[in-house]
Amino acid sequence: MQELTHFINGAHVKGTSGRFTEIFNPATGEVQAKVPLATVEELNDAVAKAAEAQKVWGATNPQRRARVMMKFGALINEHMDELAELVSREHGKTLPDGRGDVQRGLEVVEVCMGAPHMLKGEFTDDGGPGIDLYSMRQPLGVVAGITPFNFPAMIPLWKMAPALVAGNAMILKPSERCPSTSLRLAELITEAGLPAGVLQVINGDKEVVDAILDNETVQAVGFVGSTPIAQYIYGRAATNGKRAQCFGGAKNHMIIMPDADLDKAADALVGAGYGAAGERCMAISVAVPVGAETADALIEKLVPRIEKLKVGPYTAGEDVDYGPVITAAAKARINGLVTKGVEQGATLVMDGRDFSLQGYEDGFFVGPSLFDNVTPDMDIYKEEIFGPVLSTVRAGSYEEALELVIDNPYGNGTAIYTADGDTARDFAHRVNVGMVGINFPIPVPLSYHTFGGWKKSAFGDLNQYGPDAFRFYTKTKTVTARWFSGIKEGGEFNFKAMD
Ligand code: NAD
């Protein structure tokens, strides 16, 4: 069995703890590798080495740091298929979805190629007599990224690219269920010219996460994962004086107005509800049709589309719609929630619990389930299912639908399908959710905007990637300068290159 490593000071390093966790092939249920779980000592040692490496990296001019991003981007493109396969092998998502995972991370690397522009400070000429003010953005030092299983390429890239190009060193702690992509990305960025020690990939579980949170050298923590862990990490990081931005779970609603194009809405719901087996923080898990007629017509359009979904391993070809869920425990939990939904009175229109795939009977496949007549007091509504289950909550009016979204404790993404610009505009303005789609089901903003939810979907005050990432990963220093009279001639006028 393959034994994975950490990636420290530019090289693969075996774990010393003797503790491992198994990595499954979710399609077959077989163990395909084991990953070491780092100790506190291993973490502290990696941080100390990162702090040394950061001194040189932080003093390297921004344009040179950006050139590493340019080469890194080129290498990611060159290795796109290999990286996508690595994602799919451990996560189980389809190959086109695996490529999407890499692509949406690459786009953040592309924005980081323009980092010198983002890192420029501000300047006030003659703020007082002979006085100028200027501000600089300086790196924090050593920062950490802690990432979830569901986007093994994209989210580590969201964390590492802005942090590194801003001049920090990073401790990246990927999900222990899908760590191989992060290890490969570390190899590629090293090949692109990142000095050894500036990116340290440390594998592990709660023990190493707590060690990161308690390490005094680590200045900031960027976390993505479930809400209870996000809140815990935010609290412990803040207590220890660190900056933290912690993104959590979701329950994303799509409102379908009576004037919506129902074919387009149904297509969107199937993709956003069942794509990646529902294991996306921006998945639509609740459909909210407005009016009984809209609801009946929508369900009628959804059923044949869901029946056509092809569920299978990523190796079965590009026309597979979605793959297995991540673990046997996730499968059991999802099926258990579907059973609870039935017990609590929801109408199970399509039942995915007994799904089995010939030749892959031990894989973690879950068939698609569709619920109608779901109410907010049911567990299937209250919990983030994170599986291929779509719940329909019928609303009597637009206001009732909007209230439902507003009252939900999560606020990651939401969407509205309508032909009316005024309704769409009102929705975008009033809804208390971080990312809004108008006739667009999964509104993950492009990489030069920012990504972040509201309410229990995010703890902290700055979003991921885009301009916010540069604010999060730098400290502002503002200088007020006055120069007394001096020699105004005799300067040096020959042109010098910056580097
Ligand atoms: P998770 O919270 O179980 O794990 C995330 C990270 O936290 C992992 O690296 C894990 O090792 C670590 N961790 C787990 N338990 C811990 C503990 N008790 N103490 C300290 N660290 C711990 O999340 P997951 O199952 O890997 O990912 C799925 C979740 O992530 C979903 O809730 C999903 O909505 C969310 N997510 C959110 C976003 C977003 O940007 N808001 C994006 C993707 C995924």
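The values are calculated or read from the model by the stated rules, or taken from the named source; none is laboratory data. Owing to the predicted nature of the structure, the values given are computational and were not obtained by experimental measurement. Glycine also receives a Cβ, built like all others from the backbone with ideal geometry; neighbour counts cover every protein chain displayed.
Restricting attention to segment 6-20, which residues are surrounded by 17 or more Cβ atoms within 10 Å (Cβ to Cβ) and within 28 Å of residue 331 (Cα to Cα)?
Within segment 6-20, 20 is the sole residue that qualifies.
Out of the residues in segment 276-318 that are within 16 Å of the ligand (Cβ to nearest atom) and part of a loop (DSSP other than H, G, I, E, B), which is surrounded by the fewest Cβ atoms within 10 Å (Cβ to Cβ)?
So the residue we want is 282.
Just to be sure, is residue 250 of a type outside the set (Asp, Glu), within 16 Å of the ligand (Cβ to nearest atom), in contact with a Ser or Thr (Cβ under 9 Å, 6 or more places away or on another chain) and not in a helix (DSSP H, G or I)? Reasoning before the result, please.
On the way: of a type outside the set (Asp, Glu): yes; within 16 Å of the ligand (Cβ to nearest atom): yes; in contact with a Ser or Thr (Cβ under 9 Å, 6 or more places away or on another chain): yes; not in a helix (DSSP H, G or I): yes.
Here the answer is yes, as residue 250 does meet what is asked.
Which helices (runs of 4 or more DSSP H) sit wholly inside segment 111-191 and have at least 3 residues that are within 16 Å of the ligand (Cβ to nearest atom)?
Here the list reads 154-165, 180-191.
Identify all residues within segment 445-478 that are over 15 Å from residue 410 (Cα atoms), surrounded by fewer than 18 Cβ atoms within 10 Å (Cβ to Cβ) and within 16 Å of the ligand (Cβ to nearest atom); write none if there are none.
445, 446, 449, 461
Can you name every residue in segment 215-238 that is outside any strand (DSSP E or B) and more than 12 Å from the ligand (Cβ to nearest atom)? If you could, list the steps in order and put the result at the bottom.
If we filter segment 215-238 for residues that are outside any strand (DSSP E or B), which is where we start, we get 215-217, 225-238.
The answer is 215, 216, 217, 238.
Output the number of residues of segment 425-444 satisfying the condition of being surrounded by 22 or more Cβ atoms within 10 Å (Cβ to Cβ), hydrophobic (A, V, I, L, M, F, W, C) and in a loop (DSSP other than H, G, I, E, B).
Looking only at that region, the number is 1.
I need every pair where a residue in segment 305-324 that is under 20 Å from residue 280 (Cα atoms) has its Cβ under 7 Å from the Cβ of a residue that is polar (S, T, N, Q), sequence separation at least 6 or different chains.
314/88; 314/94; 320/94; 322/94; 323/94
Which of the following residues is at pLDDT 95 or above and more than 22 Å from residue 312 (Cα to Cα): 420, 362?
420
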